[in-house]
1. Which is farthest toward the positive dipole end of region 371-445 among Val424, Phe434, Ser378, measuring Cα position about the Cα centre, with Cβ charges +1 (Lys, Arg) and -1 (Asp, Glu)?
2. Which lysines, on any chain, are close to Lys260 with Cα under 26 Å apart, when same-chain ones fewer than 8 places away are left out?
3. Give me log10 I(q)/I(0) at q = 0.13, 0.19, 0.25, 0.28 Å⁻¹ for region 250-306, Debye formula, one equal scatterer per alpha-carbon, no solvent.
4. Using modelled amide H (1.01 Å from N, peptide plane; none on Pro or chain starts), what sits under 5 Å from the amide H of Arg128, excluding residues fewer than 5 places away?
5. Provide Rg and Dmax in Å for region 1-159, with only Cα atoms included in the calculation.
6. Using a simple charge model, +1 on the beta-carbon of Lys and Arg, -1 on the beta-carbon of Asp and Glu, nothing else, what dipole does the chain show about its Cα centre, in debye to the nearest 20?
7. Can you pull the Rg over Rh of the chain, Cα-only, Kirkwood?
8. Using the Cα centre of region 357-418 as origin and beta-carbon charges of +1 (Lys, Arg) and -1 (Asp, Glu), tell me which of Ser414, Val404, Ile387 is placed farthest towards the positive end of the dipole.
Amino acid sequence: MHTTLHLLAEAPPQMLPARSLMAFTLASHIILVPMGVALPLITLIMHGYGLRRGDATALLLARRWSAVMAVQFAIGVVTGTVLSFEFGLLWPGLMGRWGDVFGIGFGVEAWAFFLEAVLIAIYLYGWRRLPARTHFLLGLPLPATALLGAFGILAANSWMNTPQGFSLDSEGNPVDVDVRKAIFTPMFGPQYWHFVVAMLVTAGFVVAGVYAVGWLRGRRDRYHRLGFTVPFTVAAVFTPVQFMLGDAIARAVFQKQPVKFAAMEIVWNTDTHVPEYLFGRLHPDGTVTGGIKIPQLDSILAGFSPDTEVHGLSDVPAADRPTVAQATLIHWTFDIMVGIGSVLLLLVIWYAFVWWRRRRLPASPWFYRSAACAGVASVIAVECGWITTEVGRQPWIVYENMRVAEAVTGARSSTLWTMFGLVVVVYVLIFGSFLAVLLKMRTRWRQDDERSLEAGTMVTPETGTPYGPRAAVAAGDAPAAGSGDGPGSGDGPAPTEDGRP
């Protein structure tokens, strides 16, 4: 029997629905994570720029982005909570045996979540209610709390990849837990910084892409230029950094997780002078078909020398390594991630070259078409990165200590499939509502802009009564456009070309 089919036949019936449900919810949640981790920083950069320069346009953008940040956080709370429950419901073997070792990461993430919720509420409420400096300073901890949440999750995940910080008793249960070692595992540093920078790059490109679309539709005012330039510059600064971190984490995987590395590069036999395959498909006999073969490159990338020995999958028993189908999958996701990163780096070089030579933004429509696509491409790269990380560890849920099959729930597979169907329906409604709210906010902001331009006035969060009580509105009177009254108010229009009313 084919090895993959044989392993599937031996797997518990709960495995497929449990893994499918976990994969769906994780893939859905990860779409929101870049904005949750990095949008606070991008917003505060714009806010600080606006305060320093007295720039009403920048402050208007910062306030609107803070509203998006709050809505996104609310949706992320739902999807993140579902994932937390799924760890206990779908993988009771994992949490029952190992929760005392790596559960500290989830505790850190929970504290960060509550702190971030409070800070977002204060920051959002503080517009026009707090002194300018006080309001800005109260927002400064937001990026740190977002990074702390990522710290907790990545600590737990890196422990699953390279577990340490415990001993096993005679029954195989963990004892003598060393919390410091359980958090700071060999893969924690590479994973954490690679993840954080990926979030900054992705959020920057996503936000900039919105204004790139506006530029392509003829909105060439300063509002759209500034809305594009700040987040795109953040992404541009971190893209080459991410390229170097990606190389570093691949080398860390080569050293600490050689089986995963062999699957990522579809290396079957241990050897030196190993070629690099761009895409291609691995077969059960170890042959590779399709793709582009580059002689010796895999050994060079792994150890800076063609004489570097790369361990192959055939050195590991079939039951202890990813199947050939899984290896092909993560090889493709890894190549897609690297390919997207390479294209984004070229886009950044284009941006930097034009700015260096002419001190202005590129004028080519193709640049803005590419920038509009960069956000979506970045999200795809993030999804591919998580697939590579999780599927590459198979069949282990705790590397070399517990298999996925040992951790899965004993609930009926039919129950799990029903749960999966319900979750899909709920998530469609949640993300549909999220999109509807964002479109409603955009429409209202645009209407406020148009009314203000027609009236020849500009009311922003920091003009009139900059930070303080809102002006009283007579009973029955509608609030003035951009006054900030009412939920989701955009607080003002886009400025004219020079940023003045």
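Nothing in this text is a laboratory measurement; each read-out follows from the coordinates by a stated rule. Predicted model, so just to flag it, every value in this text is computed and none were measured. Heads up, the Cβs are rebuilt from the backbone with ideal geometry, glycines too, and the neighbour counts pull from every protein chain shown.
1. The listed residue farthest towards the positive side: Phe434.
2. Within the straight-line limit of under 26 Å, Lys260 reaches these lysines: Lys181, Lys293.
3. -0.29, -0.63, -1.08, -1.28
4. Close amide H contacts, sequence-distant or interchain: Gly468.
5. 20.2, 72
6. Details: 37 positive and 36 negative charges, 444 e Å.
The calculated dipole for the chain is roughly 2140 debye.
7. Working: Rg = 25.2 Å, Rh = 24.8 Å.
Rg/Rh: 1.01.
8. Ile387
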